[in-house]
Amino acid sequence: MGRVLRYLAYAAIALMSLPIVIMVAFLVVASFSTRLTMGLVPAGLTLENWSFLWAPIPWGLGREYVWPTLANTLMYAGGSTVLRVLLVTLAGYAVSRISFRGRLFVLAFQMVGRVVPGAGLLIGMYFTLYYLGLLFTIPGVVLIRTAMGIPMAIWIMKGFFDGIPWELEWAAMVDGCSRLQLWRRVLLPLVRPGIAAVAVFAFMEAWEDFIYVYVLLPGETKVMSVLIQRLIATEVIDYPFLAAMSLFYTIPPLVFYVLTQKHLVRVTLVGGVKR
Amino acid sequence: MRRASKVLALAIALALLTALVPTVATGPRVVKLRAFCIGPGPMPVTRATNLEDAARLLNSIFEELGIDLRVELEAEFSELKWKPFEEKFFAAYRAGRAPDIVIGLRNIPVLADEGVIIPLDDHVKKFWNMNYFDFFLSLWKSVEWKGHIWGIPQDATPGCIWYRKDVLRKLGYSDDEIARMLPPDGRGITLDTIVRLAREAKEAGLVEYGIVHRPSPGDTIFIYMKIFGGEVYDEETGKLVLVKSAALRMFKWFKQMVDEGLIPGEPPPWGTIHSMFVEGRVFATFASHVGTPSEWMAKYGLTEEQFRNDLGFLAFPPAVPGAEPVTTLGPLPYLITSQCKHPEIAELVLMLATSPEAVVKHSKRTLRPVTRRSAMHHPELQEWPYSYTVETARLLEVAAPPIIHPAWGKYKSIVFEHIKGVEAGVISPEDAVEELAKILKAELGDQIIIRD
Amino acid sequence: MGPGLRKALTLFVFLAPPLAVVTLFFLVPVVLTALLSLTDMHETLRWNFVGLENFRRMLGYDPRVHRIIVNTAIYVPSALAITIGLGLLIALASTSMREGAGILLRTIWFLPNLIPPVVYILLWRWFFDPTRYGFLNAVLALLGQGPRAWLTEYALPIVIVVNALIGASVCMVVFTSAIKSIPPELIMAAQVDGASYLQTVRYVILPLIRWPLMFMTAWHVPAHLNAYVYTLLLTDGGPYYSSEVWALYSYHKAFRYFEYGYGAAISTVLIALNVAAILIVWKVFGLRRMMELGGGE
């Protein structure tokens, strides 16, 4: 009885996993196909869909290269990552080390920051940037994205800083180091895994971001997510072509994730969740 | 002593230089103007180039007359669509950096009431006999609000039904029969003719769909309401109107079309609509205007021959007896913003940018009807395909001017939402009418009159 | 310079920049949202103070609010159930099968999280495309059936599943590591006592992973309450608001209809709901516990 139930459960799970498998298969298969028939079967194989890598794609009446869009995306993702890492390595240390009454307050503050919805704040963010003159600029969106990720990132960094023994610091301070030097020369190298984790999250979040760039950047400045979405929305939907571009767009986060696997495992244990 | 004299010499030299520089740099006074021009889509780039040409022309006039003034005009042609363009404009406007000239904003009542644009009455009156006398009158109506003129009409996109003559020929109809069944002015026939032909085409397996329509709200909402016997605007009170019985007929018609498979249950995106029609997979499209063939030829592979032989257009015929055929005007004017520091110069630029020459350039590029009668006789427009723009100009005389009301955009969106709901089968036509009335009342308050 | 002052200064250097950024670009927007909800800010970016008019409209005479509330009330619990249930199911399954198979299963289920939202939705669109080029319809065609407009007919359920899968993906990871950290002796002891797998789950595993379970639930309630991007991209509120949820309505009103003031009011209500959810969690679990959970030890 138990056996039958178990196999039934496995069958059910396999069935439920099927859509994901099919969809990912589509992404890979379609990007190399001329056309798909019978659902997933390619009618012919081709590299045509990947032509966006070396030739301009149809856009409006003319054609445009994808590279400027990629550059924008990298600028946005890179900028967000650098800024976030910088800010949270500072704050994470402070929160972890320095004892003061407000520490509990800061922690609670982070907690609140974690749960107030990014969604509900989009309008507020739009107008904040507007009144600051940063609306429709890349620095503006970078700041917003960083602000949203800081609470969680501080949490992560705090965990890593916590793991460094006091003695190390005392030794350095006895030797005459100021806190800042101590932080930069001694501690930062020791929390590299934490930095890697924060950097990966920051990069992936910005790379994959759609709604913030869509609303807060002007239409002429495109990033990959917006480009693909606009292709879906206005042009004739050519699945193999879109699949190729989407696969191209999906690869960096996948690579990043695989490369930093070990660090992320520790982080997910820290209750780390992406959004 | 030596050093001091050296320093003194240097000082004198510097003083002389700084005194000379201003005089050397004096030339004609330069006025800088900026313009934002919308497409949407790549065809109407002449909106921007005409402005630049106008500025150059103005400069050469100034030079001829020895006037010490030059105009430097920077026209930005944007690829953004209507709403993102609006957003971009207002963000710039509120930051104090609005362009002097803008074309792409349509809600004249709101723009005028909030002081975003300036009235152009004096200019138009002053130069009426020189430039503005032969614009089609309906175009002037489209820029009128509260007794003032707020823009210079630049172009018009009269809405119409495009259909495939080649499909009809395959069904066995002769060209004469086609001309009789589908007269371009839509008179003497009803919407049923189109539906019947679409049905025949579909049953013969010649097309995938009978009719496609816009995937977004547009002035076709006005058309739908009118051909089903309703009104949308009350002249006396200046309020918008909903006629429930007409709306009910309209919703029922859409539902029936979807049920028969003649209209897709979900409006496809723009690219698909255009490519389907150009490829002949759809019999008729309600989503285009008389100028769309330029886009079809430039982007979707329609050939000039196909344009001439295989496509036909007509005004929207009435769907119920007693209603009249309808074409909408679809105008777009040049506007001058209140942040323009040299409105007189901007006005002169606009005048030259809407000269007969400029209008001809624009029509040749976009295949849209010429907006002034004098342009109709221009030698460059006497041969196909450009003669087409002269033929269609006659439509401007009978086209219905747009509804000028601050809540018109909202009205259109709400009605369109309900059309989509009915097509999707999520709401019945009867419920849709009730919901529509409720929501219009809630959102438009006292600006809507609801009649049965 | 005394030690206290020096310490304060150091604090300042380290904390000021990040706190400034968060305050300016996260907290100020909250305040701004609340303020905007009392105005009629619209596309020309001009506004008038209208007091509570937006809220009166929301609760009084906006006819769509009723349906949207119903949709949201269906959406959040359903998505939550799928998120936790499916996450738990996959976690249990992948830890009770062979290691290799388990890893494969977990990898498959983690993929939705790695794929960017735009692509994720593109894939689902292809799956449910109403023309015969969509996957499901292509399969139906093979069986001789005509194409169906899935996203039109089943808008809300599909939207729920699409969103919930992302959450399930995350839960699976958390639960798996929690299950894996249960000392194997406990499980073996139970089995030696003759317990079936289900009984082991019920009496040994579940109690021991109670905290991650509760934490994930607490985390996903606001997550699902605020989710709107996937819905926006997939059905855009579905045909005639049939898949429109509260968070999405705020976005639509603000960025599609340019009614920023009204949209802000809707957001304010959303934020209030979130705060309520947090307070309840606070109460039920106690703040200390929550921070410990955050530390994950």
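The test for being in a helix (DSSP H, G or I), open to solvent by less than 20 Å² (accessible area, probe 1.4 Å) and modelled with pLDDT under 90 does not hold for C:Pro212. Inspect region C:222-239 for any residue being within 25 Å of C:Asp40 (Cα to Cα) and within 13 Å of chain B (Cβ to nearest Cβ) and give the result as yes or no. Yes; the residues of region C:222-239 include at least one that is within 25 Å of C:Asp40 (Cα to Cα) and within 13 Å of chain B (Cβ to nearest Cβ).
Could you tell me whether A:Glu167 is charged (D, E, K, R) and within 30 Å of C:Thr231 (Cβ to Cβ)? Give the derivation first.
Values: charged (D, E, K, R): yes; within 30 Å of C:Thr231 (Cβ to Cβ): no.
Judged against the criteria, A:Glu167 is not a match.
For C:Val192, the stated conditions hold: it is β-branched (Val, Ile, Thr), open to solvent by 20 Å² or more (accessible area, probe 1.4 Å) and away from chain A (no Cβ under 14 Å).
Yes or no: A:Pro151 touching a strand residue (DSSP E or B) at 6+ places or on another chain (Cβ under 6 Å), within 12 Å of chain C (Cβ to nearest Cβ) and either free of Cβ contacts under 8 Å to residues at least 24 places away in the same chain or part of a helix (DSSP H, G or I) (or both)? In short, no.
The requirement of being open to solvent by 30 Å² or more (accessible area, probe 1.4 Å) and without any contact (Cβ under 8 Å) to a residue 12 or more places away in the chain is satisfied by B:Glu236. Within region B:360-394, the set of residues being assigned to a helix (DSSP H, G or I), touching a residue at least 24 places away in the same chain (Cβ under 8 Å), of a type outside the set (Ser, Thr, Tyr) and buried (at least 23 other Cβ atoms within 10 Å of the Cβ) comprises B:His362, B:Ala393. Pairing residues of region B:107-133 that are touching a residue at least 60 places away in the same chain (Cβ under 8 Å) and over 21 Å from B:Pro401 (Cβ atoms) with residues that are assigned to a loop (DSSP other than H, G, I, E, B) and open to solvent by less than 20 Å² (accessible area, probe 1.4 Å), at Cβ distances under 7 Å and at least 6 apart in sequence or on separate chains, gives B:Val116/C:Thr44.
Inside region C:228-254, residues that are hydroxyl-bearing (Ser, Thr, Tyr), in a helix (DSSP H, G or I) and under 23 Å from B:Asp431 (Cα atoms) make up a count of 3. Of all the residues in region A:197-220, those that are within 13 Å of A:Thr73 (Cβ to Cβ), charged (D, E, K, R) and part of a loop (DSSP other than H, G, I, E, B) number 1. Looking only at region C:78-90, residues that are more than 11 Å from chain A (Cβ to nearest Cβ) and hydrophobic (A, V, I, L, M, F, W, C) come to 5 in all.
For the structure I just gave you, tell me whether C:Leu165 is at pLDDT 90 or above, farther than 30 Å from C:Ile205 by Cβ and not β-branched (Val, Ile, Thr).
Values: at pLDDT 90 or above: yes; farther than 30 Å from C:Ile205 by Cβ: no; not β-branched (Val, Ile, Thr): yes.
No.
For region A:49-64, the set of residues classified as over 25 Å from B:Met297 (Cβ atoms) and without any contact (Cβ under 8 Å) to a residue 40 or more places away in the chain consists of A:Trp54 only.
Quick check: anything in region B:124-141 over 27 Å from B:Glu357 (Cβ atoms) and more than 21 Å from the chain's Cα centre (by Cα)?
Just the residues of region B:124-141 that are over 27 Å from B:Glu357 (Cβ atoms), to begin with: none.
No - not one qualifying residue is present in region B:124-141.
Name every residue in region B:268-302 that is outside any helix (DSSP H, G or I), surrounded by 20 or more Cβ atoms within 10 Å (Cβ to Cβ), touching a residue at least 60 places away in the same chain (Cβ under 8 Å) and not aliphatic (A, V, I, L, M), in order of residue number. Steps first, please.
Taking region B:268-302 first, the residues outside any helix (DSSP H, G or I) are B:268-269, B:279-291, B:300-302.
Keeping just the survivors that are surrounded by 20 or more Cβ atoms within 10 Å (Cβ to Cβ) gives B:268, B:282-291, B:302.
Remaining after also requiring touching a residue at least 60 places away in the same chain (Cβ under 8 Å): B:282-291.
Of everything in region B:268-302, those that are outside any helix (DSSP H, G or I), surrounded by 20 or more Cβ atoms within 10 Å (Cβ to Cβ), touching a residue at least 60 places away in the same chain (Cβ under 8 Å) and not aliphatic (A, V, I, L, M) turn out to be B:Phe283, B:Thr285, B:Phe286, B:Ser288, B:His289, B:Gly291.
With a requirement of 3 or more residues that are touching a residue at least 12 places away in the same chain (Cβ under 8 Å) and open to solvent by less than 10 Å² (accessible area, probe 1.4 Å), the helices (runs of 4 or more DSSP H) lying completely within region B:143-211 that satisfy it span B:191-203. Looking across region A:207-231 at every residue that is surrounded by fewer than 18 Cβ atoms within 10 Å (Cβ to Cβ) and without any contact (Cβ under 8 Å) to a residue 12 or more places away in the chain, the one that is nearest to the other protein chains (Cβ to nearest Cβ) is identified as A:Glu220. Take the conditions (1) touching a strand residue (DSSP E or B) at 6+ places or on another chain (Cβ under 6 Å); (2) open to solvent by 40 Å² or more (accessible area, probe 1.4 Å); (3) among the charged types (D, E, K, R); (4) in a helix (DSSP H, G or I); B:Arg34 misses just one of them, which is (4).
For region C:59-79, the count of residues that are in a loop (DSSP other than H, G, I, E, B) and free of Cβ contacts under 8 Å to residues at least 60 places away in the same chain is at least one.
When you scan region A:64-81, do you find a residue that is more than 22 Å from C:Thr131 (Cα to Cα) and assigned to a loop (DSSP other than H, G, I, E, B), even just one? Yes; the residues of region A:64-81 include at least one that is more than 22 Å from C:Thr131 (Cα to Cα) and assigned to a loop (DSSP other than H, G, I, E, B).
In this entry, C:Leu105 is excluded by the filter for residues that are in a helix (DSSP H, G or I), touching a residue at least 24 places away in the same chain (Cβ under 8 Å) and either more than 10 Å from chain A (Cβ to nearest Cβ) or under 30 Å from A:Arg3 (Cβ atoms) (or both).
The values are calculated or read from the model by the stated rules, or taken from the named source; none is laboratory data. All values derive from a computational prediction rather than experimental measurement. Cβ coordinates were reconstructed from backbone atoms using ideal geometry, including for glycine residues, and neighbour counts include every protein chain displayed. Just so you know, the surface numbers come from the protein's heavy atoms only, side chains and all, with ligands and any DNA or RNA stripped out. Shrake-Rupley method; radii C 1.70, N 1.55, O 1.52, S 1.80 Å.
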